[in-house]
Amino acid sequence: MLLKRFLLLLVFVGGITLTSCQQSNTKQSVKKPNIVFIMTDDHTIQAMSAYGSKLVKTPGLDRIAKEGMLFNNCFVTNAVCGPSRATILTGKYSHLNGLTDNSKVFDSTQVIYPQLLKKAGYQTAMIGKWHLGSTPMGFDYYSILPNQGQYYQPEFFENGKVVKEKGYVTDVITDKAIGFLEKRDHDKPFMMIYQHKAPHRNWLPAPRHLGMFDNTVFPEPDNLLDDFKNRGKAAKEQLMNISTDMWEAWDLKLLSSAQLDSMGKLPIETIFKDAKGDDYKQANDPTLDKARFYEVYNRMTDAEKVKWKKVYDKRVAEYRKLNPKGADLVRWKYQQYMRDYLACVVSVDENVNRLMDYLEKIGELDNTIIVYTSDQGFFLGEHGYFDKRFMYDESFRTPLLVRYPKSIKAGSVSNAFAMNLDFAPTFLDYAGVKIPDDMQGVSLRPLLDNAGKAPETWRKAVYYHYYEYPSWHMVKRHYGIRTERYKLIHFYNDVDEWELYDMQKDPKEMNNLYNNKTYQPVVKELKEQLVKLQKQYKDTNPTEAVTN
């Protein structure tokens with residue numbers, strides 16, 4: 001009898017244990033994924049080897065593509081820093097979220113996806129470049145760069161306090177990201193926005209990367225010396241030409257150590273007497289060139305300055321010796337631009353890989369949705385341009401890599417149209433949080449879960465609207481539509497110009513076909529589609545005056 005009771009007790013206890021294990025396994029299987037959203041500033045697909053770049057190798061970023069999905073056609077709603085960030089947070093176009101250009105302040109009272117994730121039990125963090133003018137809301141922890149931030153010895157606004165750090169900004173941001181992960185509540189899933197300043201203008205490399213490309217000659221884009229034939233005022237009258245609009249000190253670092261040292265002997269108020277005030281009124285004023293550059297140079301430590309002078313004194317000497325003119329000058333400037341810009345990209349690549357290594361070390365890598373993107377693309381000499389803003393693909397298209405092995409097939413590629421408008425709905429979808437009805441994007445999960453293949457109902461066109469004029473680089477206001485085959489752009493405000501490009505025959509957008517009789521049926525059809533998209537996204541008065 002005692003033996004029988006003992007055996008029954010074992011069965012009972014075993015049943016409890018088995019049930020407990022089943023419940024634990026069930027709980028584990030439905031564990032919400034962590035989310036790490038990585039965004040750089042002005043990093044374009046032309047500078048990523050995963051996208052076939054011949055300019056630079058990016059093994060850290062390529063790792064995300066190899067172990068996840070690469071999107072070939074991810075586009076932004078408005079190719080400039082703050083507006084892109086506001087769109088990503090809200091899932092809404094600029095005219096609805098209120099941040100049409102960088103001079104405005106983001107309305108922090110509106111709903112953003114991190115707030116919704118926090119309510120759903122996520123621990124949330126915002127680290128790095130914020131650039132929205134307001135204080136981050138909906139985060140358990142934030143440490144953000146003031147405005148554009150600094151490359152060397154950067155300050156951060158951290159949970160209400162100003163914190164000064166030593167070191168290079170890309171490294172420091174990553175240190176802070178790892179610090180958050182170390183100290184987080186391990187019982188909660190986490191959502192971390194990890195955003196870099198690099199490789200934003202004026203492209204200051206980490207001390208360890210100074211001069212790393214000095215012996216490299218980079219291939220030039222075919223249209224580096226574009227003459228803008230068959231295009232209008234908008235394409236020609238901007239102020240972002242490598243030939244004429246790069247500042248010698250700020251952009252090209254053409255100040256010798258002797259010049260910098262002599263500036264250092266002047267009273268600070270003398271150096272900066274004209275360099276303060278309204279950033280937007282002074283945006284395109286090259287007379288501020290040397291003062292602005294000295295301000296960032298003066299942030300370096302003595303050891304960093306020694307390395308800097310060793311590299312850039314050679315550049316100054318070469319420039320003076322060659323004294324290039326015309327096309328030769330453009331080509332020379334392009335090479336210097338690439339040397340600095342791509343060295344900044346290398347630091348990003350190293351640090352993204354460092355963060356992924358840390359996630360792997362703590363056992364969270366495969367349970368974390370890792371997204372890599374940029375706030376928009378960037379011109380690397382195409383059309384002779386630097387910067388962004390235009391609806392041309394180099395600027396309009398942004399990189400997008402997503403890794404999450406529980407859902408995404410390694411090495412998959414999607415050619416479907418994605419947008420930065422879609423990021424917020426995607427994160428909420430994976431987290432099991434209801435997507436607000438007023439978000440205008442759609443979840444990318446159908447693509448991610450299906451090896452990149454789009455359902456029949458997926459969007460066939462994307463809509464764009466840029467507002468920041470007159471301002472930095474003087475790119476005129478415009479809106480437009482892009483389909484798989486064509487792109488139609490309308491420049492407005494102080495001009496009334498249309499451009500049409502056949503992206504299949506002319507992917508570099510050199511031949512405006514708007515007035516070509518053969519393409520008039522295409523123009524008519526695209527204008528009809530454009531109006532439909534404007535109604536869909538509630539941008540029904542697109543040329544309404546918008547003041548800065």
Only one of Val316, Val311 is of a type in the set (A, V, I, L, M, F, W, C), surrounded by 15 or more Cβ atoms within 10 Å (Cβ to Cβ), under 25 Å from Gln46 (Cβ atoms) and not assigned by TED's automatic domain parsing to the domain that holds Pro59, namely Val311
Inset, instruction - For region 521-540, state whether one or more residues are more than 23 Å from the chain's Cα centre (by Cα), free of Cβ contacts under 8 Å to residues at least 40 places away in the same chain and within 19 Å of Lys236 (Cα to Cα). - result: no
Among Phe423, Phe386, Phe427, Phe390, the single one that is assigned to a strand (DSSP E or B) and either of a type in the set (Ser, Thr, Tyr) or assigned by TED's automatic domain parsing to the domain that holds Glu360 (or both) is Phe386
Over region 154-192, the set of residues assigned to a strand (DSSP E or B) and either touching a residue at least 12 places away in the same chain (Cβ under 8 Å) or among the hydrophobic types (A, V, I, L, M, F, W, C) (or both) is Phe156, Phe157, Glu158, Val162, Val163, Tyr168, Phe190, Met191, Met192
The lone condition Thr543 fails out of (1) at pLDDT 95 or above; (2) within 25 Å of Gly91 (Cα to Cα) is (1)
When region 359-383 is checked residue by residue, the ones that are part of a loop (DSSP other than H, G, I, E, B) and in contact with an Asp or Glu (Cβ under 6 Å, 6 or more places away or on another chain) are Asp375, Gly377, Phe378
Taking region 30-79 and keeping only residues that are at positive phi and either of a type in the set (Phe, Trp, Tyr) or touching a Lys or Arg at 6+ places or on another chain (Cβ under 8 Å) (or both), one is left with Asp42
Over region 134-192, the set of residues out of contact with any helix residue (DSSP H, G or I) (no Cβ under 7 Å at 6 or more places or on another chain), among the β-branched types (Val, Ile, Thr) and either on the phi > 0 side of the Ramachandran plot or surrounded by 15 or more Cβ atoms within 10 Å (Cβ to Cβ) (or both) is Ile144, Val169, Val172, Ile173
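The rows are residues; the columns are (1) buried (at least 24 other Cβ atoms within 10 Å of the Cβ); (2) modelled with pLDDT under 95; (3) in contact with a Lys or Arg (Cβ under 9 Å, 6 or more places away or on another chain); (4) not β-branched (Val, Ile, Thr).
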site	(1), (2), (3), (4)
Gln376	yes, no, yes, yes
Phe390	yes, no, no, yes
Ile408	no, no, no, no
Phe417	no, no, yes, yes
Tyr430	no, no, yes, yes
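For region 25-135, which strands (runs of 3 or more DSSP E) that fit wholly inside it have 2 or more residues that are in contact (Cβ under 8 Å) with a residue 12 or more places away in the chain and charged (D, E, K, R)?
Result: empty, no element qualifies.
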When region 285-318 is checked residue by residue, the ones that are under 29 Å from Arg331 (Cβ atoms) and acidic (Asp, Glu) are Asp285, Asp289, Asp313, Glu318
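Out of Asn215, Asn223, Asn147, report the one residue that is outside the structural domain of Ile88 (by TED's automatic domain parsing) and free of Cβ contacts under 8 Å to residues at least 24 places away in the same chain.
The conditions single out Asn215.
The values are calculated or read from the model by the stated rules, or taken from the named source; none is laboratory data. The shown structure was predicted, so the numbers you read here are calculated from the model rather than taken from an experiment. Counting neighbours? That spans all protein chains shown, and the Cβs are built from the backbone with ideal geometry, glycine included.
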